[in-house]
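Peer 1: Let me give you the structure first, and then I'll get to my questions.
We did not get these values from a lab; they are worked out from the coordinates using the rules stated. Since this is a predicted model, take the numbers as computed values, not measurements. No Cβ is skipped: glycine too gets one built from the backbone with ideal geometry, and neighbour counts run over all protein chains shown.
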Amino acid sequence: MNIATILQTQAEVRPGAIAIHDLRSGQSLSFAALEELSSRAAALLERSGLRSGDAILIFVPMSAQLYVALMAVFRLGMVAMFVDPSAGREHLERCCALLPPKALIATDKAHLLRLRSLALRQIPIKFGVGFPVPGAISWSRIKQVPLLKKISPCEADTPALVTFTSGSTGQPKAALRTHGFLLAQHKALAHSLSLTPDTVDLTTLPIFVLANLASGVTSLIPAVDLRFPGRVNPTRLIAQIQRYQPISTAASPALLGRLTDYCQQRGLTLPSFQRIFSGGAPVFPRLLEQLQAIAPDAQVSAVYGSTEAEPIAHVDFQELQTDDVTFMLNGRGLLVGVPVPEVQLRILPNQWGTPLGHFTNTEFDALCLPIGAIGEIVVSGEHVLASYLHGKGNEETKFQVDGMPWHRTGDAGYLDQQNRLWLMGRCSARIQDACGELYPFAVETAASYVTGVRRTAMTAFEGKRVLAIELAPNAPVNTLDALKTTLVWAQIHTYKLYPKIPVDKRHNAKIDYPALHRLLQNTLSK
């Protein structure tokens with residue numbers, strides 16, 4: 001069940017078809033060429049003394065070479081390990097303590113991190129991608145070693161890929177994906193994203209390349225800085241879209257928002273797109289509407305998921321009904337659609353912060369909330385993360401029902417009469433005060449419909465309901481008044497304008513609540 005077999009299969013079926021077209025480096029690899037290079041890279045890793053089960057830390061940006069390295073690691077039954085270097089040295093040291101890597105594969109620039117990281121210096125074997133690096137084996141040697149045709153046999157529960165998220169205590173949690181998990185995720189994504197062989201996908205999110213490889217889809221990696229989706233250069237990106245004519249893309253709402261703003265200002269359309277998916281952060285209907293306007297022939301969809309479960313649900317813009325818009329304008333939350341068939345989804349009472357134990361099926365069914373009741377979204381399935389590494393983080397996010405693992409998303413929501421999921425925001429962001437109960441997405445979704453509003457963040461501060469507002473450039477002068485009229489039902493005490501509302505580093509679209517509260521502390525505290 002080794003995930004590397006997906007590439008081997010496609011290399012046999014469509015050897016000459018392009019697997020990855022990397023516009024930044026100019027490298028274009030067919031499925032056969034990627035299979036050959038990854039098998040040579042596996043030979044280099046094995047000759048260097050690495051074995052099945054070893055953790056390999058990879059610091060290579062999204063590129064053709066990243067997937068050469070990744071498939072080589074998978075091929076040998078090793079564990080690919082990814083840490084966000086922008087999270088800081090302390091985070092990096094903690095991650096390496098949780099899972100000590102046996103080798104480092106990094107670009108020449110990334111090797112500079114060794115100067116200030118003891119954990120990186122202590123990694124026994126190092127490989128340098130790009131210019132020669134002292135103390136590192138040159139990655140270019142993969143062209144000189146013979147092919148390693150074998151693929152190590154793996155069980156479904158064999159570890160394959162580890163990424164790190166921040167726990168509630170600030171300690172990193174290692175999200176461990178097995179070979180079985182990755183194969184199940186591919187099947188779920190292939191269904192949800194309608195992946196079609198021999199088509200071109202504009203690929204902006206690293207994990208989606210694996211699904212493309214498994215489906216015989218060409219991944220077009222654009223020559224823009226994908227580390228910061230909200231700052232992507234739209235001129236360069238649109239020029240590449242116009243030249244290479246991808247028919248599909250899945251991207252952060254921050255990146256797609258850059259495209260819609262640019263196209264609408266210049267009267268441009270992107271007619272090559274047949275499918276556009278957005279996820280990784282809240283996707284409000286206004287963005288879907290704007291995407292439909294610039295790609296009139298496309299199926300435009302919002303995908304809901306998380307690191308631990310991707311995808312969970314999705315909704316097409318064309319499925320939105322007049323009543324749905326009315327509900328969203330009146331505080332009913334954000335519609336994200338019917339759960340995908342590969343996942344089981346239930347709503348539990350919001351007990352976020354309180355560990356859940358083991359349930360029988362009967363006990364679990366009795367605990368689940370009825371249609372329309374707001375609570376915590378919990379999921380189970382083959383592509384849902386069953387455990388974090390060493391179980392660290394399981395207590396707050398995992399529980400079992402008759403031996404079946406379930407994951408607590410930490411998101412609040414409810415199911416409607418049509419079995420569609422509506423999001424209300426994070427469970428921990430619920431506001432309970434003298435005015436009643438209020439969730440962030442109840443307000444933020446309604447606010448997204450007001451012309452001139454770029455972003456809002458609903459929170460409680462010093463006992464008051466506060467809405468932070470970021471206006472779009474050239475917003476109408478009456479935007480704030482229109483917003484107050486739209487949100488009269490929310491009983492908001494304070495409306496506060498800010499040049500920028502802080503967002504997460506990864507997707508540039510989720511509200512960074514700790515940073516927001518520091519901002520409020522500096523501007524609203526008595």
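Peer 1: Can you quote the Å³ per residue value for the convex hull of the Cα atoms in region 431-524, rounded to an integer? Walk me through the intermediate numbers first.
Peer 2: On the way: hull volume 9.2 nm³, N = 94.
Considering the Cα atoms of region 431-524, their hull volume per residue is 98 Å³.
Peer 1: Looking only at the chain, where both bridge partners belong to it, what percent of the DSSP beta bridges are antiparallel (to the nearest 5)? Before the final figure, lay out the partial values.
Peer 2: Numbers: 53 of 93 bridges.
Beta bridges within the chain, antiparallel portion: roughly 55 percent.
Peer 1: Dipole size in debye (nearest 20) for the chain around its Cα centre, Lys and Arg Cβ +1, Asp and Glu Cβ -1?
Peer 2: Dipole size: approximately 2040 debye.
Peer 1: Beyond 25 Å between alpha-carbons counts as too far, so tell me which of 109/505; 102/143; 102/173; 126/149; 150/398 fall in that bin.
Peer 2: 150/398
Peer 1: Compute the convex hull volume of the Cα atoms of region 5-175, divide it by the residue count, and report the result per residue in Å³ as a whole number.
Peer 2: 123
Peer 1: Using modelled backbone amide H atoms (1.01 Å from N, in-plane), which distant-in-sequence or interchain residues come within less than 5 Å of residue 299's amide H?
Peer 2: 275, 276
Peer 1: Please enumerate, by chain and number, the lysines with C-alpha under 18 Å from the C-alpha of residue 510, excluding those fewer than 8 residues away in the same chain.
Peer 2: The qualifying lysines are 500.
Peer 1: Straight-line reach from residue 187: which aspartates and glutamates have a Cα under 12 Å away, not including same-chain ones fewer than 8 places off?
Peer 2: 310, 342, 382
Peer 1: May I pose another question? Taking Cα centroids, how far is region 477-491 from region 142-167 in Å?
Peer 2: Region 477-491 and region 142-167 have Cα centres separated by 53 Å.
Peer 1: Return the inverse of the average 1/r over all pairs of distinct C-alpha atoms in region 227-377, which is the Kirkwood hydrodynamic radius, in Å to one decimal.
Peer 2: 17.5
Peer 1: If one computes P(r) from the Cα atoms of region 427-479, what percent of pairs lie at distances over 13 Å? If you can, show how the numbers build up before the last one.
Peer 2: On the way: 824 of 1378 pairs.
Everything past 13 Å amounts to 60 percent.
Peer 1: Right, here's the next one. With N denoting the number of residues in the chain, provide Rg(C-alpha) divided by 2.2 N^0.38 Å, to two decimal places.
Peer 2: 0.98
Peer 1: Got a sec? Charge dipole of the chain, +1 on Cβ for Lys and Arg, -1 for Asp and Glu; which of 292, 388, 48 is way out at the positive end?
Peer 2: Projecting each Cα onto the dipole axis, the largest value belongs to 48.
Peer 1: In terms of the Cα gyration tensor, with a ≥ b ≥ c the square roots of its eigenvalues, is region 87-130 rounded because a/c is under 1.5, prolate because a/b exceeds b/c, or oblate? Present the calculation step by step, with values, prior to reporting the outcome.
Peer 2: On the way: a/c = 2.04, a/b = 1.33, b/c = 1.53.
Oblate.
Peer 1: Same structure, new question: With a 10 Å Cβ neighbour count serving as the proxy for reagent exposure, in which order, fewest first, do 406, 489 appear?
Peer 2: Details: 406 22, 489 13.
Fewest to most other Cβ atoms nearby, the residues stand as 489, 406.
Peer 1: Sort the following peptides by mean Cβ neighbour count (other Cβ atoms within 10 Å, averaged over residues), highest first: 477-486, 64-73, 207-216.
Peer 2: The peptides rank, most packed first, as 64-73, 207-216, 477-486.
Peer 1: Now a separate question. Between residue 261 and residue 318, take the C-beta separation as r, use R0 = 25 Å, and let me know the FRET efficiency to the nearest 0.05.
Peer 2: The formula returns an efficiency of 0.65 here.
Peer 1: Applying the Karplus parametrisation 6.51 cos²θ - 1.76 cosθ + 1.60 with θ = phi - 60° to the phi angles of region 512-522, what ³J(HN,Hα) value in whole Hz is obtained for each residue in order, glycine and proline being reported as x?
Peer 2: Each residue's phi maps through the Karplus curve to give 8, 5, x, 5, 4, 5, 5, 5, 5, 4, 6 Hz.
Peer 1: Along the charge dipole of the chain, Cβ charges K/R +1 and D/E -1, which of 466, 137, 355 sits furthest on the positive end?
Peer 2: 137
Peer 1: Moving on to the next point. From the alpha carbon gyration tensor of region 26-126, can you work out the equivalent ellipsoid semi-axes (sqrt of 5 times each eigenvalue) and give them in Å, largest to smallest?
Peer 2: One finds semi-axes of 24, 16, 11 Å for region 26-126.
Peer 1: Turning to a different aspect of this structure: Just report the Cα centroid separation between region 19-94 and region 215-240, whole Å.
Peer 2: Between the Cα centres of region 19-94 and region 215-240 lies a distance of 20 Å.
Peer 1: Taking DSSP loops as anything outside H, G, I, E and B, show the longest stretch in the chain free of GluC sites (Glu not before Pro) there with at most 12 other beta carbons within 10 Å.
Peer 2: For GluC sites (Glu not before Pro) (loop position, at most 12 other Cβ atoms within 10 Å), the longest site-free span of the chain is 156-461.
Peer 1: Along the charge dipole of region 423-526, which of 456, 425, 501 sits closest to the positive end, that is, farthest toward it, with unit charges on the beta carbon of Lys, Arg, Asp and Glu (+1, +1, -1, -1)?
Peer 2: 501
Peer 1: Which whole-number percentage describes the relative contact order of the chain, with Cα contacts under 8 Å and a sequence gap of 6 or more?
Peer 2: Contact order relative to length: 10 percent.
Peer 1: Over region 431-524, what is the relative contact order in whole percent, taking alpha-carbon pairs under 8 Å and six or more residues apart?
Peer 2: 24
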